[in-house]
1. Going through the cross-link list LYS112/LYS312; LYS196/LYS263; LYS137/LYS263; LYS2/LYS159; LYS137/LYS304; LYS159/LYS304, which pairs have a Cα-Cα distance over 29 Å in this structure?
2. Can you list the HN-Hα couplings for segment 25-38, worked out from phi with the Karplus curve (6.51, -1.76, 1.60; θ = phi - 60°), rounded to whole Hz and with x for Gly and Pro?
3. In terms of the ratio Rg/(2.2 N^0.38 Å) built on C-alpha atoms, what value belongs to the chain?
4. In percent, what relative contact order does segment 3-245 have, based on Cα pairs under 8 Å that are 6 or more apart in sequence?
5. Can you find, among LEU105, PHE211, ALA221, the residue farthest towards the positive end of the dipole of the chain? Put +1 on the C-beta of Lys and Arg, -1 on that of Asp and Glu.
6. Using 0.36 nm per residue of separation minus the Cα-Cα distance, give me the extension gain between TYR45 and THR343 in nm, one decimal.
7. For a label point 7 angstrom out from the Cα of ASP215 toward its Cβ, which stretches of segment 45-73 have the backbone nitrogen within less than 13 Å?
8. Quick check on segment 161-296: what does the Kirkwood estimate of hydrodynamic radius come out to from the alpha carbon pairs, in Å?
Amino acid sequence: MKLDTILVHAGGEPDPATGAIAPPIHLSTTYEHTPEGEATHGHIYIRETNPTQERLETALAAVEGGEIALVFASGMAAVAAYMQTLPSGSHVLRHTDIYTHTRVLGQDFLPKWGCEATHVDMTNLDTVGNAIRPNTKVLWMESPSNPGMDIIDIQAVAKIAHEAGAQLVVDSTFATPVMQRPLQLGANVVMHSMTKYLGGHSDVQGGALIFREKDERAAQAGEVRTVIGGVLSPFNAWLILRGLRSLACRMERHAANALAVAKALEGHPNIEAVHYPGLPSHPGHEIATRQMDGYGGMLSFRVKGGREEALKAASRVKLFFNATSLGGVESLIEHRQSIEGPTSVTPANLIRVTVGLEAAEDLIEDLVQALG
Ligand SMILES: *Cc1c(COP(=O)(O)O)cnc(C)c1O
């Protein structure tokens, strides 16, 4: 079955009790069990499993082609749950350009758990192999990466990881399953901040881990969720499932708009560089064309003249909002270093753009006037 069809139907069986086509939201925290504690209808307690969460997980596993999906209260709860499955003494190898709080988790929390994270430029495969240590248990990457839009060869990095006995986890938030399915390229786990495109309307937070195999690590991540408690609310699971239904259509438009904006900005006299994998000038263009079904709705660009000029451009937009997050219907712009704070490694002149579903002409007009 084609992905567009799976996105509409997976986890969407009519409600057996009423025949309702739109799924019910089950808010109950507790479910009937026998005096001996056996579940009479498959669920016991909301923190473990519940029917609304189960629908979303069934859908995500089908969409990404994994054996099991686990959803969490946020993208970061999903990242942390995976990291908490690692045995003490593990080394985590990550790409240099990475979501800011994933970086912070590596700096501030992994050492407390007896683990360690280092970074390497994963666009250079030779350096990846050399950065692996005997205790490397996981390679972690985003492609495209946040906010630099680096493209990493998932298949090649998966091979390096597996030769070293490590797992590859791909944070595929920017690409979404519509543009990229990492498990089919050899990744062991795909992670999503569902707060972004999957929810799609800037009104719900959630995170997911989808495992290619129902392995030991998947079982442990499930235990982390139950015991540490970073669970998604049924209402949020329901909203995200609703978002999934239109994901294919939305991504088509996000990507078409982003390409139009990227093309319009490239060559602008006040722009130093545009980072969008759909542009032939992007160093990862060929890999992106091979491993993605489109280039997504995110881009970033660097303004000539440094931080001050970038902030000036960000302050002049009229249609775009200055706001963080991404993947909603409205276009947002952000001076990324300002929001990442003092530990940021993002260039001072970089502006990140999430291209929404407005008319591309209006978005281009706004950015061009803002650039002066
Ligand atoms: C937003 C984001 C996260 C974190 O997700 P939350 O839902 O905000 O916790 C992780 N990775 C990437 C690439 C993101 O954009």
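Each reported figure results from applying straightforward, stated rules to the coordinates on display, with no laboratory input. Quick caveat, the model's predicted, so the values are computed rather than measured. Please note: Cβ atoms are built from the backbone with ideal geometry, for glycine as well, and neighbour counts cover all protein chains shown.
1. Long pairs (Cα-Cα over 29 Å): LYS112/LYS312; LYS137/LYS263; LYS137/LYS304; LYS159/LYS304.
2. Residue by residue, segment 25-38 yields 9, 9, 8, 4, 7, 9, 10, 4, 9, 6, x, 7, x, 7 Hz.
3. My calculation over the Cα atoms of the chain gives 1.00.
4. In percent, rounded to a whole number, it is 25.
5. Farthest along the dipole direction, towards plus: LEU105.
6. Here the segment from TYR45 to THR343 would lengthen by 103.3 nm.
7. Backbone N within reach: 67-68.
8. 16.9
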